[in-house]
Every structure is written in C-alpha cells, then in structure tokens.
Amino acid sequence: MKVMVTGGAGFIGSAVVRRLCAAGAAVVNLDALTYAANLDNVADTGSILEVADIRDAAAVAAVFDRHKPDAVMHLAAESHVDRSIDGPMEFVATNVVGTATLLGAARAYWLGQPAARRAAFRFLHVSTDEVYGTLGAEGLFTEDTPYRPNSPYSASKAASDHLARAWHETYGMPVLITNCSNNYGPYQFPEKLIPLMILKGLAGEPLPVYGNGANVRDWLYVEDHAEALCLVLEKGVPGRTYNIGGACEKTNLEVVRALCALLDARAPLPGGKAHAELIAFVADRPGHDLRYAMDISRISEELGWRPRENFASGLARTLDWYLGNRAWWRRVLDGSYRGERLGLDAAP
C-alpha cells in the first residue's frame, strides 16, 4: 500500500509516517517544511519526501501523478491557537484554502483511476476536538456535537472539516474524518504546553500557566493517536467521523504539577529547589475554551480501538524522550523559536 501523508514532518504526521513505514507501507511525505516541521522526526523511515505547499494546486497534482497513492492521510495544518490569534489569515490560507486545494487534486486523481483502485481509495482528513467549542463541567463531545469553534485556529479547522465532508456528500469521494484531543509525546514542537514546560523546567525558568490553570483538556499520547488513524484508514467507513481521545481529563495546572514532580525526580534543580516553585500564573489566552472531553465510544465499538498509554506512563515516556534527545530540541531552539509568549493579540 502506498500512502501520501501531508504534514508528515510535523509532530502527529511524523508519528503516522513512522508507524506506516514500520508496518511496511510505502509512504510519500508531502510537507512544506514550515517552522514546526523537522526532518529528524522521520529520519531512517524510508519515506519519500516531496516538498510542496498544499495550496499549490499544480505541485500537489504533480505529486499525485508521480506517486499514484492508494490513500491520503491529511495532517498538514497550522495548529497552534496562540499563533492563530496573532496571525489568523495564515490559518485560513493553509487550513481552509489548502485543504480545498488538496481535496480538488485528490478528486481529479481519484476519478482518473481504474474502477478497482477508485473503489479502494481513501482520503482521511485529520482534525481537532476544538471545532466543537467548549464544554461546561460535565458532558462529552460526540461525533454529533454541533460545531461551535471559538478561536481562529478552530474555526479554520471547522471549515476544513466541512469541506472534507462536502467532497464526500457531493462528489462521492471516499472521505473519512477524525477529530482528536490534545496530543503529547516525543518530537512535539516546544510551543505546546508539555514540551514547553519540560524545556523551561530543565532551564530553571518560570513555568507560565495561563489564567488560573483550571482549563481542562483530554490528553492523548501521540503514538496511540497514530495507531487510531491507521486503523480508521484501514477499517473506517467512508463518510463517517471518528472521535479519538485519551479518556484522560486533566487541568493545565495538574499537567504542569505532574511534570514538576517528574522533573524533580529525573532532573533536580540545584539546591534542591522544587520545580513547582517555578510555576507562574500569567494573563490568560483570549477566548480560552474551558474544557474539552471526548466520547470515544464509536471508534471503540466499531473499530476496537482504545488508548494504550495512561497519562502517568505517557508523561514519563515523554519526559524521558526529551531528556535523552537534547540534541533534537537544541536544534529546534537554535531556529526562530525561543519559547516566547504568543497569542496576546497585541495589535492596535
């Protein structure tokens, strides 16, 4: 099987590439190599790199023509909420226009295939739980929860979900959609909460927690997510949406305190200072959603998937990876990102 993975040099995309290649699939990694992409993430996988922007219709069509994939797993996206607050149009351009461009190229390719290959083709569109908006203290997002995105990022992903669904309903293209909760694990770009706290904690720097730290997320280990995506691609029903979550709700403050305890044990600060003493509450993110939580009954009952990692084991594995791969994250920090605060909407 040959699979085109868009955004395969990113965090989740690279986990998918590694899993597919380990299973013997031929993988074409289509990536624009923007700031969060890292080819170290897929080194030695044997995947084929195609450097192209999903907004470039001619370039994307040429990749389809050269490689003739059996399936597409679409993960390329601008993904950081704070960056979307500072620069929303880049998110619209990549997540909305780029997805529409990719869908158009995929449909043209799909229609040109013999009947058997056309019937077997799949297009998996990977999205987020943030499209559903925010929950109160109780309840879970299901696949039938109405969309109510609250950030430029989630709005752009909601639009891309609707486009993917429309390509199935209007054109009959075999599209599947997944919506996932917060991912964490090895190779994550350090603008996200867990790797940011790890690197700041190792440096003995303040650990910035938004607001009062009470915002709740459902945490999903990235390797579990990659396994779920490959299962949806293999066994999912076209036209269906599948929620993927870790069944693990934690407040942001709980996450940071758990990391502090692990850091105290594995990388103690000089003088015996506790990492929790570094926690600093900072101005909240504008429009910060209170709580996300996923009902994963459909993928569990229909496809037999459940997460393997619990939060304690996944967090420990994540910290151990960053401790053992300092060269990887030091190269990242040698680039344009310095751990600075984003998303304060400082525009006049």
- Note on the structure: Per GNM of the chain with C-alpha springs under 10 angstrom, the most fluctuating residue out of GLY46, GLY314, GLY287 is GLY287
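According to the square roots a ≥ b ≥ c of the eigenvalues of the Cα gyration tensor, what is the shape class of the stretch 1-133, taking rounded for a/c under 1.5, prolate for a/b larger than b/c otherwise, and oblate for the remainder?
Values: a/c = 1.76, a/b = 1.29, b/c = 1.37.
Note, shape of the stretch 1-133 comes out oblate.
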- Go ahead and collect, in residue order, the members of the stretch 89-123 whose backbone nitrogen is under 11 Å from a label point 7 Å along the Cα-Cβ direction of ALA58. none
- Whose amide H sits under 5 Å from the amide H of SER127, counting only residues 5 or more places off or on another chain, with H placed in the peptide plane? THR178, ASN179, CYS180
- When the Karplus curve 6.51 cos²θ - 1.76 cosθ + 1.60 is applied with θ = phi - 60°, which whole-Hz ³J(HN,Hα) does each residue of the stretch 179-189 get, with x for Gly and Pro? 10, 10, 8, 4, 8, 8, x, x, 6, 7, 4
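Relative contact order (percent) for the chain, with alpha-carbon contacts under 8 angstrom and 6 or more residues of separation? Before the final figure, lay out the partial values.
Working: 648 pairs, mean separation 63.5, N = 348.
Worked out over the chain, it gives 18 percent.
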- Task: Under 1.5 on a/c is rounded, so check that first for the stretch 176-252, then, if it is not, pick prolate when a/b is larger than b/c and oblate when it is not; a ≥ b ≥ c are the square roots of the alpha carbon gyration tensor eigenvalues.
- Result: prolate
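Can you give the charge dipole size of the chain about its Cα centre, rounded to the nearest 20 debye, using +1 on the beta carbon of Lys and Arg and -1 on the beta carbon of Asp and Glu?
Working: 34 positive and 40 negative charges, 125 e Å.
In total the dipole reaches around 600 debye.
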- Task: Name the residue farthest towards the positive end of the dipole of the chain from the options ASN29, CYS260, TRP321, assuming +1 on Cβ of Lys and Arg, -1 on Cβ of Asp and Glu, about the Cα centre.
- Result: ASN29
- Among LEU124, VAL81, ALA43 the positive-end extreme of the charge dipole of the stretch 33-192 (Cβ point charges): LEU124
- Query: From a point 7 Å beyond the Cα of ALA203 in the direction of its Cβ, which residues of the stretch 269-304 have a backbone N at a distance under 20 Å?
  - Reply: 269-271, 273-283
- According to a simple spin-label model (label point 7 Å from Cα along Cα-to-Cβ), what is the distance in nm between ALA93 and ASP65? 2.5
- Task: Whole Å is fine, so just give me how far the alpha carbon centre of the stretch 1-49 lies from that of the stretch 263-280.
- Result: 36
- Using a simple spin-label model with points 7 Å from Cα along the Cα→Cβ vector, what separation in nm is obtained for ALA283 and ALA265? 3.7
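What is the magnitude of the charge dipole of the stretch 5-154 about its Cα centre, with +1 placed on the Cβ of each Lys and Arg, -1 on the Cβ of each Asp and Glu, and no other charges, expressed in debye to the nearest 20? All intermediate terms of the calculation are to be shown ahead of the outcome.
Numbers: 11 positive and 17 negative charges, 144 e Å.
It comes to approximately 700 debye.
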- Between GLY10 and residues 5 or more places away or on another chain, the pairs with built amide H atoms under 5 Å apart involve ASN38
- Task: Output the direction-averaged projected area (hull surface divided by four) of the convex hull of the alpha-carbon atoms of the stretch 59-174, in nm².
- Result: 8.1
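Find the percent of Cα-Cα distances in the stretch 225-340 that exceed 19 Å, and round it to a whole number. Before the final figure, lay out each step's value.
Numbers: 4375 of 6670 pairs.
Taking all Cα-Cα pairs of the stretch 225-340, the fraction more than 19 Å apart is 66 percent.
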- Query: Within the chain, what is the longest stretch that has no GluC sites (Glu not before Pro) placed in a DSSP loop and near at most 16 other beta-carbon atoms within 10 Å?
  - Reply: 139-339
- Placing +1 at every Lys and Arg Cβ and -1 at every Asp and Glu Cβ, with all other atoms neutral, what dipole size does the stretch 1-72 have around its Cα centre, in debye to the nearest 20? 200
- Query: Taking springs between alpha-carbon atoms closer than 10 angstrom, which of GLY236, GLY13, GLY271 fluctuates most in the Gaussian network model of the chain?
  - Reply: GLY271
- Query: If contacts are Cα pairs under 8 angstrom and at least 6 residues apart, what is the relative contact order of the stretch 141-268 in percent?
  - Reply: 33
- From the Cα centre of the stretch 136-156 to that of the stretch 210-247, the distance in Å is 14
- 5 angstrom amide H check on MET73, placed H, neighbours 5+ away: MET4, VAL5, THR6, LEU124
- For the chain, evaluate the Debye formula with one uniform point scatterer on each Cα (no solvent term) and list log10 I(q)/I(0) at q = 0.09, 0.14 Å⁻¹, rounded to two decimals. -0.47, -1.17
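Quick note: the coordinates plus some simple rules give every number you see, no bench work behind them. These numbers were taken from a predicted model, which means no experiment stands behind them. A quick note on method: Cβ atoms are made from the backbone with ideal geometry, for glycine too, and the neighbour counts reach across all protein chains shown.
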